[in-house]
Amino acid sequence: MSSNVSLLEVKHLSKKFADSEPLKDINCSVRQGEVISIIGPSGTGKSTFLRCINRLEKPSGGQIFFHGEEITDNSAVIRRVRQKIGMVFQSFNLFSNMNVLENIITVPIMLKKVNRAVAMKNAMNLLEQVGLVEKATSYPDELSGGQQQRVAIVRALMMEPEIILFDEPTSALDPSMVDEVLSMIRSLALKNYAMMIVTHEMRFAGNVSDRIFFMNEGIIYEEGTPQEIFQSPKRDATRIFIDRLKTYEKIFADEQIDLPTIQGEIESFAHKQFMSSRRNMKLQLIFEELIYELLIKRSRDAFPIEMKILYNETLEECEVKVIYGGEKYNPLEDVDDLSVTILKGIIKAADHKFAGKNILNLKCK
């Protein structure tokens, strides 16, 4: 639970680059123990915002206060305060020439002058808590992506931060590795760490956060509780963004389809919606049997083919909408086709219409 004590305050923060201005007027405060997820379209300055807070980027204007002390442009204060502001990057940033233990203990020994034996003991305790104690002497290239990110989080914890900034901590991971990192971040929330998390994992953000910041147009465009932002956003741009997150769209212009890439995109979409592996499998089958086998392989007149997967989080229902050209044609009417048999076993309803184009709606079981 967060307290009412302000830990971090940002006033009129701006950042200009030569060809862009990602941050125009950012204003917010973060309380002790509060978890804030930052969402929004790509290119809206979410990562730049975090990097300005930790002064990895120099703001163009505005003020940043930590415990009431301004840290915006004072080098001595920045060096001291940065030790209390942990940072976890999307690309891990581990030293490849050091093993896990050395990666974890080097910074606290150098900056905080922690005794090496004490640092090693603390590091091993943290590694044990995250299930990586047996990897202490391994090197980063011997670890999975999820393991590397957990090590990076442990490294941040070794500095005993008061707030941890996470910059898309799962974006570089395979879908199968995301859960282990999210689980670790959830455990930190329960330990009352203040956190600011830039993320595309919306269900996770909804579960772990006290507040959500939606960034757009260089500002915090809307903020609120997870329920307010995800269920009843007040502003149009927020509503459009949330709706798009629940939709996967793909247009196939011709038969040159990269099957593994599409399969990976569908899996990633299903994972981000926290769908079950069973539902992911059904979506994969719909693509493979309907789009790839029945339409792409058999009808040149069908192109372009548009596939849209819509997910209703509240009802936990999936609908697949397919729009394609050619004459009126409902592939599900071919009762002797194996692909049709497979499809009818995994959908609970289908509706076909023809209005200049074929429109086929499928509802997954």
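Between the Cα long axis of helix 259-272 and the first principal axis of the chain there is an angle of about 60°, rounded to the nearest 10. Normalised by the number of residues in the chain, the average gap of Cα pairs under 8 Å and 6 or more apart makes the relative contact order 15 percent. If only the Cβ of Lys and Arg carry +1 and only the Cβ of Asp and Glu carry -1, the dipole of the chain around its Cα centre is close to 1140 debye. Legend note: in the chain, cysteines whose Cβ sits 4.7 Å or more from every other cysteine Cβ are 28, 52.
P(r) tail, the stretch 278-365: Cα-Cα pairs separated by more than 21 Å, 24% of all pairs. Applying the Karplus relation 6.51 cos²θ - 1.76 cosθ + 1.60 with θ = phi - 60° to the stretch 174-180 yields 3J(HN,Hα) values of 5, x, 5, 9, 5, 4, 5 Hz, where x marks Gly and Pro. Net charge in the neighbourhood of residue 274 (other residues with Cβ under 15 Å of its Cβ; Lys, Arg +1, Asp, Glu -1) is -1. Against the longest alpha carbon principal axis of the chain, how many degrees, from 0 to 90 and to the nearest 10, is the axis of helix 100-111 turned? The angle comes out near 40 degrees. Phi angles of the stretch 123-131 translate, via the Karplus equation with coefficients 6.51, -1.76, 1.60 and θ = phi - 60°, into HN-Hα couplings of 5, 5, 5, 5, 4, 5, 5, 9, x Hz per residue; Gly and Pro are given as x. With R₀ fixed at 35 Å, the C-beta to C-beta distance from residue 79 to residue 16 puts the FRET efficiency at about 0.90. Residue-wise HN-Hα couplings along the stretch 287-300, as the Karplus relation 6.51 cos²θ - 1.76 cosθ + 1.60 with θ = phi - 60° gives them from phi, are 4, 5, 7, 7, 6, 6, 8, 7, 9, 5, 6, 10, 9, 5 Hz; Gly and Pro carry x. The chain gives an Rg/Rh value of 1.05, both radii derived from C-alpha positions and Rh following Kirkwood.
Would you check the accessible area of residue 257, probe 1.4 Å, heavy atoms only, in square angstrom rounded to 10? In the full protein context, residue 257 sits at about 30 Å². The stretch between residue 56 and residue 232 holds 59.9 nm of extra length on full extension. This uses 0.36 nm per residue minus the Cα-Cα distance. Shape descriptor for the stretch 1-83: Rg over Rh equals 0.97 (Cα atoms; Rh from the Kirkwood inverse mean 1/r).
Taking 20 °C and 1.002 mPa s as the conditions, I'd like the Stokes-Einstein D for the stretch 206-361 in µm²/s, using the Kirkwood hydrodynamic radius from alpha carbon pairs. Calculated translational D: 124 µm²/s.
What part of the accessible area of the stretch 166-231, given as a whole %, is carbon or sulfur when the probe is 1.4 angstrom? If you can, show how the numbers build up before the last one.
Values: 1050 of 2440 Å².
The C+S portion of the solvent-accessible surface of the stretch 166-231 is 43 percent.
The calculated FRET efficiency for residue 319 paired with residue 192, based on their beta-carbon distance and R0 = 35 Å, is about 0.30. Its Cα gyration tensor gives the stretch 36-105 an equivalent ellipsoid; the semi-axes, largest first and in whole Å, are 24, 19, 10.
Cα centroids of the stretch 98-130 and the stretch 7-31: 33 Å apart.
Note that the stretch 259-365 presents 52 Å² accessible area per residue, ligands and nucleic acids not counted, probe 1.4 Å. Share of carbon and sulfur in the accessible area of the stretch 19-162 stands at 47%, probe radius 1.4 Å. Close Lys pairs in the stretch 5-127 (alpha-carbon distance under 26 Å; sequence gap of 8 or more, or different chains): 22. Principal axis analysis of the Cα atoms in the stretch 102-177 yields extents of 38, 28, 20 Å, listed in decreasing size.
Computed from the C-alpha gyration tensor, the three semi-axes of the ellipsoid equivalent to the stretch 118-250 are 32, 17, 11 Å, from longest to shortest. For residue 114, the residues whose modelled amide H falls within less than 5 Å of its own, excluding neighbours fewer than 5 places apart on the same chain, are 109.
Are there trypsin sites (Lys or Arg not before Pro) in the stretch 146-251 that DSSP puts in a loop and that have at most 15 other Cβ atoms within 10 Å, and which ones?
Passing sites in the stretch 146-251 are 191, 234, 235.
The values are calculated or read from the model by the stated rules, or taken from the named source; none is laboratory data. Every value quoted in this text rests on a predicted model; they were computed, and no experiment measured them. Note: ideal-geometry Cβ built from the backbone for every residue, glycine included; neighbour counts use all protein chains shown. With ligands, DNA and RNA removed, areas are computed over all heavy atoms of the protein, side chains included. Shrake-Rupley method; radii C 1.70, N 1.55, O 1.52, S 1.80 Å.
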